[in-house]
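Here is the structure we will look at.
The values are calculated or read from the model by the stated rules, or taken from the named source; none is laboratory data. This is a predicted model, so every value here is computed, not measured. Here the Cβ positions follow ideal geometry from the backbone for every residue, glycine too, while neighbour counts run over all protein chains shown.
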Amino acid sequence: MVASEVKNLASQVAQATEKIGKEIESMQTISTDVVRALNSIRGAVTGVEQSVTGVAGAVEEQTAVTNEISSNMQLTATAVRDIENNLQAIKSSAESVAADSTGLHGQIKHALA
């Protein structure tokens, strides 16, 4: 009877060992799948990081261009004010010359009369 029990226990141990081996094999397959998934996630994160870096560079460049445009607009506004002042001075000078010319014309007319 003892031999039969030992034989039965040996059979159970063999079955348990086979089951454990299958479980280990299953865990290894799952581990391999997890590693693949993590590598895929790493690739996606790297892609997102590159996109974010690209967008940040574009935003920085756009900010620099916007600042340059703003500076140029301020310089243009100053130049327009200067031109307006110069035109006003030319107008005043022309009006003065016209008035002097009218006065001189009257004096010449009076002197010739």
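For segment 1-23, a residue qualifies if it is of a type in the set (A, V, I, L, M, F, W, C), part of a helix (DSSP H, G or I) and exposed (fewer than 10 other Cβ atoms within 10 Å of the Cβ), and the qualifying residues are Val2, Ala3.
Is it the case that segment 83-97 has a residue that's at negative phi, modelled with pLDDT of 95 or more and among the β-branched types (Val, Ile, Thr)? Yes, some residue in segment 83-97 is at negative phi, modelled with pLDDT of 95 or more and among the β-branched types (Val, Ile, Thr). For segment 92-113, the criterion of being of a type outside the set (Ser, Thr, Tyr), loosely packed, with under 10 Cβ neighbours inside 10 Å and not in a helix (DSSP H, G or I) is met by at least one residue.
Can you confirm whether Ser26 is modelled with pLDDT under 95, assigned to a helix (DSSP H, G or I) and among the hydroxyl-bearing types (Ser, Thr, Tyr)? Criteria not met by Ser26.
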